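Engineer: Here it is, the structure, as structure tokens.
Just so it is clear, none of the values below were taken in a lab; they were calculated from the coordinates. It should be emphasised that the depicted structure is a prediction, and the values quoted were computed from it without experimental measurement. Ideal geometry is used to build each Cβ from the backbone, glycine not excepted, and the neighbour counts take in all protein chains shown.
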Amino acid sequence: MYRKVHRSISRKFSPYGLYSHQLTMTINFRRNNGFTLIELIVVISLISLMLFFAVPRFQVDVLSDHTKKASRWIMLQVHALKEKAVHDQKRYVLHLSLDSNRVWVTSEIMSPEELQAAAANGYKLSDDIKLLDVEYPGQEKISVGRADIYFYKKGYSDKAIIHMSNNDNEIFSFVIEPFLSRVRLYNKYIEFED
């Protein structure tokens with residue numbers, strides 16, 4: 001009997017009174033109406049804006065993945081070799097085989113067996129990328145055979161430009177400066193000016 005009285009008292013003193021049931025029905029009815037036209041326009045415009053920026057980036061990433069990978073490898077390797085030559089106090093050589101499309105690194109203290117193993121295990125560029133030539137200032141371009149870029153103990157290297165192309169006929173030039181640790185990359189064929 002106490003419970004019944006308590007319930008009836010709580011209903012009487014409820015802040016919503018007897019209309020609490022009607023209030024929840026009204027709120028639920030308004031929630032089930034759907035979205036307004038403005039809300040739909042805002043959501044659709046945000047989605048289209050995201051797709052506008054995402055789709056071209058996706059195409060660039062998918063289409064030139066091998067080119068980016070090879071470019072990163074060359075740029076990081078040159079930077080690392082300059083630092084490593086100073087740290088280890090050894091002369092390192094970056095070899096580029098223009099015939100087999102392979103790149104590898106050796107040092108001055110390697111045995112003949114280690115030199116052969118380094119050449120055999122070097123970084124093989126993918127089939128859609130081709131090393132065109134390597135250019136040194138004041139010398140003729142090397143477009144067949146092997147080109148070597150030296151990295152010296154004092155922290156500098158040979159000045160050279162590596163030219164590379166891909167199946168999309170894009171040409172890339174990697175400019176290696178003797179005293180700069182970073183490699184400059186150009187999306188065109190550049191040469192040393194005489």
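Engineer: What's the center-to-center distance, using Cα atoms, between segment 125-180 and segment 82-96 in Å?
Structural biologist: If you average the Cα positions of each part, the centres end up 16 Å apart.
Engineer: Between LYS68 and MET110, what length comes free when the chain is fully extended (0.36 nm per residue of separation minus the Cα-Cα distance, one decimal in nm)? Before the final figure, lay out the partial values.
Structural biologist: Values: separation 42, 0.36 × 42 = 15.12 nm, distance 3.04 nm.
Extra length from LYS68 to MET110 when fully extended: 12.1 nm.
Engineer: Let me ask something else. Under a straight-distance cross-link criterion of Cα-Cα below 29 Å, which lysines are reachable from LYS82, leaving out those fewer than 8 residues away in the same chain?
Structural biologist: Hits, sequence-local ones excluded: LYS68, LYS69, LYS90, LYS124, LYS130, LYS141, LYS153, LYS154, LYS159, LYS188.
Engineer: Let me ask something else. Excluding LEU185 itself, calculate the net charge of residues whose Cβ lies under 13 Å from the Cβ of LEU185, where each Lys or Arg counts +1 and each Asp or Glu counts -1.
Structural biologist: Numbers: positive: LYS68, ARG72, ARG182, ARG184, LYS188; negative: GLU170, GLU177.
So the surrounding residues net to +3.
Engineer: Sum up the charges of everything whose Cβ sits under 15 Å from the Cβ of LEU81, counting Lys and Arg as +1 and Asp and Glu as -1, but leave LEU81 out. Please report the intermediate quantities before stating the final value.
Structural biologist: Working: positive: ARG72, LYS82, LYS84, LYS90, ARG91, LYS153, LYS154, LYS159, ARG182; negative: GLU83, ASP88, GLU108, ASP148, ASP158, GLU177.
Neighbour charge sum, excluding LEU81 itself: +3.
Engineer: Please work out how much length the chain gains when fully extended from LYS84 to ASP168, using 0.36 nm per residue of separation minus the C-alpha to C-alpha distance, in nm with one decimal. Numbers along the way, then the final one.
Structural biologist: Details: separation 84, 0.36 × 84 = 30.24 nm, distance 3.46 nm.
Fully extending the segment from LYS84 to ASP168 adds 26.8 nm.
Engineer: I've got another one for you. Using amide H atoms built 1.01 Å from N in the peptide plane, name the residues 5+ places from ARG91, or on other chains, whose amide H lies under 5 Å from its own.
Structural biologist: GLU108
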